[in-house]
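Right, one structure below, let's go through it.
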Amino acid sequence: VVQDLDLTVEGMTCASCVGRVERVLARQPGVISASVNLATGKARLRTLPGVAEPQALIRAVEKAGFGAVLET
Ligand code: 9UX
C-alpha cells in the first residue's frame, strides 16, 4: 500500500532549492519518491504508511533550511 502525502514547502526560490528538498525528502525512511513544484511550493510524496513519519519529514526539510507544513 502506498500513500500520497503533500507538504507545502516555504522558502524555495530557485530550481536548485527544489533539487535539495527533493533529495532530502527522498532519503527519509518510508519515502518512495518526492516531487517538488517550485511554482506552487508543493511537495508530493509517495510514502509507505506507518514507515514515513510526517513530523520527521518536516524536520528534515527544516534542517535543510526551508519551512514545511503538512497538507490534508
Ligand atoms: Mo537557489 Mo535555493 O540560488 O536554497 S538553491 S536559492
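Worth a mention:
- Helix 15-26 vs. the chain, principal-axis angle (Cα, 0 to 90°, nearest 10): 20
- Between 0 and 90 degrees, the angle of helix 54-63 with respect to the longest Cα principal axis of the chain falls at about 30 degrees.
- Normalised by the number of residues in the chain, the average gap of Cα pairs under 8 Å and 6 or more apart makes the relative contact order 44 percent.
Only the coordinates and a few stated rules stand behind these numbers; no lab work does. Only a predicted model underlies this, so the values are computations on that prediction, with no experimental measurement involved.
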